[in-house]
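Just below is one structure, and these are the notes that go with it.
All of the numbers you see were taken from the coordinates with simple rules; none came from a lab. All values derive from a computational prediction rather than experimental measurement. When we count neighbours, we look across all protein chains shown, and the Cβ atoms used for this are built from the backbone with ideal geometry, even at glycine.
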Amino acid sequence: MLRGHLDAAYRILFLLRLDCKKKEMALQNDELSKTLLQSQAHIWNHIFSFIKSMSLKCAIKLNIPDIIHAHGSPMLLSELVEALAIKKERTQSVYRLMRMLVHSGFFIKQSIPTRNVDQEEEEEEEEGYLLTPSSRLLLKEDALSLRPYLLALLDPTLMDPWQDMSRWFQNDDITPFHTTHGMSLYDLAGKKPMLNQFFNEAMASDARLVMSVVLEHCRGVFQGLDSIVDVGGGTGTVAKSIANAFPNISCIIFDLPHVVNGLVGSKNLTYVGGDMFEFIPNAKAVLLKWIIHNWNDEECVKILKNCKEAIPSKENGGKLVIIDMVVKQVDEGDNELSSLETQLFFDMLMMACLTGRQRSEKEWAKLFLESGFSDYKINPVLGLRSLIEVYP
């Protein structure tokens, strides 16, 4: 009888263990399914991330931010469609475009009362669109507008090399841009005036924004200087802002001949054409805004050595001023993680279109040492970028 009880107990224990095993396997299967679905969503988000930038480009080319800005109050969907002068059949499509851009933070929606035509005493509420600080930076007439930068970077000329990146990894071309276009970005810009204009307008739009911050918070960088040369200064946006803010500083804009040809200077502003790999005009200080990140280490050392030759010693007030990114390592979950992602985007852009890269402080220090400079100071005052002072 005791044996029978034991057998029954063993069977119950066995069944309990079997049931636990089944539940454990079910939980494992649930976790596996959850992981698979999360992984699928992660992949989808990366596959379709281009939709954000293309939707924004579409809105810019349709002048939607400017239309809403000119409206002066929250703009109804029906009013936006009418202002766009498009067929009413596109209304739902405009709604879907705006829904994407609201989600991306470029517009907000605000409830506004509207009078019911059938019942004059009763009011209904509809939602109208308003700009955000980001979309205000895309207005045509805004002094700090980044519209030219957006249109340049999302132009097929600069987008197509991404399609050829895998091919570039397998060939001997200098960059994916070479694989696509058969020459460098700068060479192509020299042959195509429209691309050159597009590129210069993009750089100028960024320069206006950056220099507004520099002149507000970092004026001391230019104190005591009597001359400065802006290397790769394009059409002169940066140097003009310095020349206007400091009339006693003689400003030289130095860039390739096809960039500066025909441009006229002023009392304390001159244009000089040339190649920074061969020489740089003499001045008390040299400015490199978003130049070094375009080139590989060997090319950077050549540029930096020419900069050092162009300026006097530290004791005599000579220095190099760099505006560029200093990549920081951050932990997962850090508030700066999104900033790091943007810096990595720029690093990949340099790889796709040029020979350069974004650098950490250690990598910057190595370049300065190899170029013969003695000291440097980094001021992280420009958001994703920093203002770096380098001394001979």
Restricting segment 129-172 to residues that are of a type in the set (D, E, K, R) and crowded, with 17+ Cβ neighbours inside 10 Å, the one farthest from the chain's Cα centre (by Cα) turns out to be Asp164
Note: among Leu340, Leu382, just one is in contact (Cβ under 8 Å) with a residue 24 or more places away in the chain, among the hydrophobic types (A, V, I, L, M, F, W, C) and surrounded by 15 or more Cβ atoms within 10 Å (Cβ to Cβ), namely Leu382
(1) surrounded by 20 or more Cβ atoms within 10 Å (Cβ to Cβ); (2) more than 30 Å from Asp160 (Cβ to Cβ) all hold for Arg359 apart from (2)
When every residue in segment 85-113 that is aliphatic (A, V, I, L, M) and not in a helix (DSSP H, G or I) is compared, the one nearest to the chain's Cα centre (by Cα) is Ile108
Per the filter on segment 245-269, residues within 18 Å of Ile323 (Cβ to Cβ) and within 30 Å of the chain's Cα centre (by Cα) are Ala245, Phe246, Cys251, Ile252, Ile253, Phe254, Asp255
With the first residue restricted to segment 125-144 and required to be farther than 11 Å from Gln110 by Cα, and the second required to be among the acidic types (Asp, Glu) and surrounded by 14 or more Cβ atoms within 10 Å (Cβ to Cβ), Cβ contacts under 6 Å at 6 or more apart or on different chains are Leu139/Asp66; Lys140/Asp66
Counted residues in segment 233-282 being part of a loop (DSSP other than H, G, I, E, B) and more than 24 Å from Val213 (Cβ to Cβ) come to 16
